[in-house]
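Student: The structure under discussion is supplied below as structure tokens; questions concerning it will follow.
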Amino acid sequence: MGNADIRRLDKEIQRTTKKLEAVRRGEWWPLTSRERLSMTRAMAGGARSIHRGRSASGAEDRMDSIGTAAETRLNAELTALHGERQRLITEAARAKAARKSSRWF
């Protein structure tokens, strides 16, 4: 039971790590729908500014902050998954030690 949970968490950690790397590369697929919507709005606002002959630096800053927020969210998720994995490993080790100590031979 414990090993299956640990394997499941390992897969989830790998998935989250891939998402984090993709966000750092500027890809959109790991973003939540709200983050994608905000990113699209910022991009549209920047395009509108450029069309009017102004700078799009405000839109670029918004897009950067959205990317940074996504990175922070994924880092927090990864930290929580690592903590949960460690808890499961400790729990499995305690259970194994209890089984071994309960033997009489």
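The values are calculated or read from the model by the stated rules, or taken from the named source; none is laboratory data. These numbers come from a predicted model, not from an experiment. When we count neighbours, we look across all protein chains shown, and the Cβ atoms used for this are built from the backbone with ideal geometry, even at glycine. Heads up: the accessible areas ignore ligands, DNA and RNA and are worked out on the full protein's heavy atoms, side chains in. Shrake-Rupley method; radii C 1.70, N 1.55, O 1.52, S 1.80 Å.
Student: Hey, what angle do you get for helix 2-24 against the long axis of the chain, alpha-carbon based, 0 to 90 degrees rounded to 10?
Tutor: 20
Student: Going by average Cβ neighbours within 10 Å, how do the peptides 29-36, 13-20 rank, with the highest at the top?
Tutor: Descending mean neighbour count gives 13-20, 29-36.
Student: I've got another one for you. Just to confirm, what accessible area per residue do you get for the chain at 1.4 Å probe, in whole Å²?
Tutor: 75
Student: Ok, one more. About its Cα centre, how strong a charge dipole does the stretch 40-105 have in debye, to the nearest 20, once Lys and Arg get +1 and Asp and Glu get -1 at the Cβ?
Tutor: 460
Student: Follow-up. With the full set of protein chains in place, find how many percent of the accessible area of the chain is carbon and sulfur; take the probe as 1.4 Å.
Tutor: On the way: 4220 of 7850 Å².
In the chain, the share of accessible area belonging to carbon and sulfur is 54 percent.
Student: I'd like the distance separating the alpha-carbon centroids of the stretch 50-105 and the stretch 12-33, in whole Å.
Tutor: 11
Student: For a Förster distance of 25 Å, can you work out the FRET efficiency between the beta-carbons of residue 60 and residue 84, rounded to the nearest 0.05? Kindly include the intermediate steps, with their values, before the conclusion.
Tutor: Numbers: r = 36 Å, r/R0 = 1.46.
Efficiency at R0 = 25 Å is approximately 0.10.
Student: Would you list, by chain and number, the aspartates and glutamates whose Cα falls below 15 Å from the Cα of residue 100, excluding same-chain residues fewer than 8 positions away?
Tutor: Within the straight-line limit of under 15 Å, residue 100 reaches these aspartates and glutamates: 91.
Student: Oh, and also: Determine which lysines satisfy two conditions relative to residue 19: a Cα distance under 22 Å, and not lying fewer than 8 residues away in the same chain.
Tutor: Reachable lysines: 11.
Student: A further question follows. Helix 57-101 versus the longest principal axis of the chain: what is the Cα-based angle in degrees, 0 to 90, to the nearest 10?
Tutor: 0
Student: Could I ask something else about it? With Rg/Rh (Cα atoms, Kirkwood Rh) as the read-out, I listed [x] 1.19; [y] 1.32; [z] 0.92; which label goes with the value calculated from this structure?
Tutor: It is the value labelled [y].
Student: So how tilted is helix 33-51 from the main axis of the chain? Cα-based, degrees 0 to 90, rounded to 10.
Tutor: Here the helix axis deviates by roughly 20 degrees.
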